[in-house]
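Notes to accompany the following structure.
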Amino acid sequence: LTEMQAGRARAQAAALDAERAFRAQPVPAWLVDMATCEIRAASDAAAALFGVSREALIGCNALDLLPGSTPGDDTTGPVEALLSRSDGAPLVLELRFRPVSFDGRACWITSARDVTKERAWQRMHETAARDAEAFEQSPAATCLVDEEGRLLQSNAAFRALLRLDAAAAAGASLAQFEVDESVEATTRHAAIGAGVRTRDCRLR
């Protein structure tokens, strides 16, 4: 009987240690009952993510708290969900799921990663790439020059107009293609304040 009691005490201590470790992990994580979608356990980081106490989080319906927070048909891949926090700041979360058994119930252990900044950077880069492609494919011969007339950027139509390849255009200046001194005047003219300005010039 003494040995059984000692074994039970060790098992209880191990269970408490595991619970404390789960609560203390830095990644937001929670256990969701597969049948009822009820949150059965949660880490302190998960409570901080949702802006509530851990005790208030236990028993909540995961789908009410975070729509889209259950896996689809493919449970091996991540799922993205949008969390609207109480302060109004939207967060994009990348969720991952693993099936586990908890207290005799089939559950999903769900971990969350904040990817809000990553998605914002991704959208910005995609927009920049689209803008660059539109500039390159524009039928209007277009270039960007500095105040001394050096080519900083040019599109395909501009390079075709002056019969330049991309390598030659990278180190060129407008002065190389001027028939007369109009390029200097053109560059000065463009540098005077903002707004759209028009000037004729002769290029070879």
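Residues in the range 149-185 that are touching a Phe, Trp or Tyr at 6+ places or on another chain (Cβ under 6 Å) and free of Cβ contacts under 8 Å to residues at least 24 places away in the same chain: Asn155 alone. Annotation note: Cβ proximity below 9 Å between a residue of the range 128-148 that is of a type in the set (S, T, N, Q) and a residue that is part of a strand (DSSP E or B) (sequence gap 6+ or interchain) occurs for Thr142/Gln153; Thr142/Ser154. Annotation: Arg113 fulfils all but one of (1) assigned to a strand (DSSP E or B); (2) among the charged types (D, E, K, R); (3) open to solvent by less than 50 Å² (accessible area, probe 1.4 Å); the unmet one is (3). Note on the range 1-73: enclosed helices (runs of 4 or more DSSP H) holding 3 or more residues that are open to solvent by 40 Å² or more (accessible area, probe 1.4 Å), modelled with pLDDT under 85 and not hydroxyl-bearing (Ser, Thr, Tyr) are 2-24.
Considering the range 162-179, and only residues there that are part of a helix (DSSP H, G or I) and small (Gly, Ala, Ser), the residue that is farthest from Glu136 (Cα to Cα) turns out to be Ala175. Taken together, Arg130, Arg150, Arg123, Arg159 contain a single residue that is within 30 Å of Pro28 (Cβ to Cβ) and of a type outside the set (S, T, N, Q), which is Arg123. State whether the residues of the range 95-102 include one that is under 25 Å from Ala42 (Cα atoms) and open to solvent by less than 50 Å² (accessible area, probe 1.4 Å). Yes.
The set of residues from the range 143-161 being exposed (fewer than 15 other Cβ atoms within 10 Å of the Cβ) and in a loop (DSSP other than H, G, I, E, B) comprises Asp146, Glu147, Glu148.
The values are calculated or read from the model by the stated rules, or taken from the named source; none is laboratory data. Predicted model only: the values in this text are computed from it and were never measured. All Cβ positions, glycine included, derive from the backbone under ideal geometry; neighbour counts span all protein chains shown. Calculation scope for accessible area: heavy atoms of the full protein, side chains included, ligands and nucleic acids excluded. Shrake-Rupley method; radii C 1.70, N 1.55, O 1.52, S 1.80 Å.
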